[in-house]
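All remarks here apply to the structure that follows.
The values are calculated or read from the model by the stated rules, or taken from the named source; none is laboratory data. Predicted, not measured: the structure shown is a model, and the values here were computed from it. So basically every Cβ, Gly included, is an ideal-geometry build from the backbone, and we count neighbours across all protein chains shown.
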């Protein structure tokens, strides 16, 4: 399974965002609980979790620009990927056709992504293939969903999305996309990665040096990163 296959339907897109933001498992954004949390299925929205410490529901979209968006998550991720692949050169009319939304909605979406992610990325992007593979597959703490809503509208949107990427270097674009997504979500929840993708333990952190070189470095533990970026959330 390649990375962009996660953007075909809403459920896999939610799973991907969870792996991107929660490499060591779900974290309640309300109280920081990591143990007493459960995924909710049934009538709840895709990607909904409940914390049994504070009794509140949450999702990976909370505290990110994806929260309360009228556009499905998988479509937003497709837009970020397309803009990363074209370095922001894709027009709003073309983007609207691919995503199946109005031109105004596509223009506003592109403007928001460009403002947060930057118009272009200078310098090469390095990422281990094991990182891409880890993000493309279910994590150990993620359950196989009982069912996935495979609507025909999602299939048509995905076909247009793949067609627009025809001829693009997928390996390079994957790296550009991860940098763009990291910038887009900002500091709301740190983008930290599975300890299994790096040798020697720890997690992989995205870093950018003064020369515009992007790489994923072996870093500190997830709890330490959270404690630094989110006061009040740390070791228990």
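Among (1) without any contact (Cβ under 8 Å) to a residue 12 or more places away in the chain; (2) more than 22 Å from residue 168 (Cα to Cα); (3) more than 16 Å from the chain's Cα centre (by Cα), where does residue 52 come up short?
Result: residue 52 passes all but (1).
What single numbered condition from (1) touching a strand residue (DSSP E or B) at 6+ places or on another chain (Cβ under 9 Å); (2) outside any loop (DSSP other than H, G, I, E, B) fails to hold for residue 75?
(1)
Can you name the residue in the range 10-25 that is in contact with a helix residue (DSSP H, G or I) (Cβ under 7 Å, 6 or more places away or on another chain) and assigned to a loop (DSSP other than H, G, I, E, B) and is also farthest from residue 78 (Cα to Cα) among such residues?
The extreme case among them is 24.
Mind checking whether some residue in the range 149-169 is in contact (Cβ under 8 Å) with a residue 12 or more places away in the chain, part of a loop (DSSP other than H, G, I, E, B) and in contact with a strand residue (DSSP E or B) (Cβ under 7 Å, 6 or more places away or on another chain)?
Checked against the condition, which is being in contact (Cβ under 8 Å) with a residue 12 or more places away in the chain, part of a loop (DSSP other than H, G, I, E, B) and in contact with a strand residue (DSSP E or B) (Cβ under 7 Å, 6 or more places away or on another chain), the range 149-169 yields no hits at all.
Quick one: count up the residues across the range 130-148 that are touching a helix residue (DSSP H, G or I) at 6+ places or on another chain (Cβ under 7 Å) and either in a loop (DSSP other than H, G, I, E, B) or within 15 Å of residue 13 (Cα to Cα) (or both). Step through it out loud before you land on a result.
The initial filter retains those residues of the range 130-148 that are touching a helix residue (DSSP H, G or I) at 6+ places or on another chain (Cβ under 7 Å), namely 130-132, 134-136, 138-139, 142, 145, 148.
Next, from what is left, pick out any that are either in a loop (DSSP other than H, G, I, E, B) or within 15 Å of residue 13 (Cα to Cα) (or both): 132, 134-136, 138-139, 142, 145, 148.
Here the count works out to 9.
Could you list all residues from the range 133-165 that are surrounded by fewer than 13 Cβ atoms within 10 Å (Cβ to Cβ) and closer than 19 Å to residue 76 by Cα?
149, 150, 151, 152, 153, 155, 156, 159, 163 - these are the residues of the range 133-165 that are surrounded by fewer than 13 Cβ atoms within 10 Å (Cβ to Cβ) and closer than 19 Å to residue 76 by Cα.
Go through 47, 32 for me and flag whichever is crowded, with 16+ Cβ neighbours inside 10 Å, within 16 Å of the chain's Cα centre (by Cα) and assigned to a loop (DSSP other than H, G, I, E, B).
Working: 32 fails: within 16 Å of the chain's Cα centre (by Cα).
Residue meeting the stated conditions: 47.
Can you name every residue in the range 82-99 that is exposed (fewer than 14 other Cβ atoms within 10 Å of the Cβ) and on the phi > 0 side of the Ramachandran plot?
Narrowing the range 82-99 to residues exposed (fewer than 14 other Cβ atoms within 10 Å of the Cβ): 87, 89, 91, 93.
Once the filter is applied, which keeps residues that are exposed (fewer than 14 other Cβ atoms within 10 Å of the Cβ) and on the phi > 0 side of the Ramachandran plot, the range 82-99 yields only 87.
Against the conditions (1) at pLDDT below 90; (2) under 22 Å from residue 145 (Cα atoms), where does residue 63 fall short? Just the number, please.
Only one criterion is unmet by residue 63, namely (2).
With respect to residue 212, determine if the residue is at positive phi and either at pLDDT 60 or above or crowded, with 16+ Cβ neighbours inside 10 Å (or both). Quick ask: steps written out before the conclusion?
Working: at positive phi: yes; either at pLDDT 60 or above or crowded, with 16+ Cβ neighbours inside 10 Å (or both): no.
Judged against the criteria, residue 212 is not a match.
Of everything in the range 101-132 that's exposed (fewer than 14 other Cβ atoms within 10 Å of the Cβ) and within 21 Å of residue 16 (Cβ to Cβ), which residue is modelled with the highest pLDDT?
129
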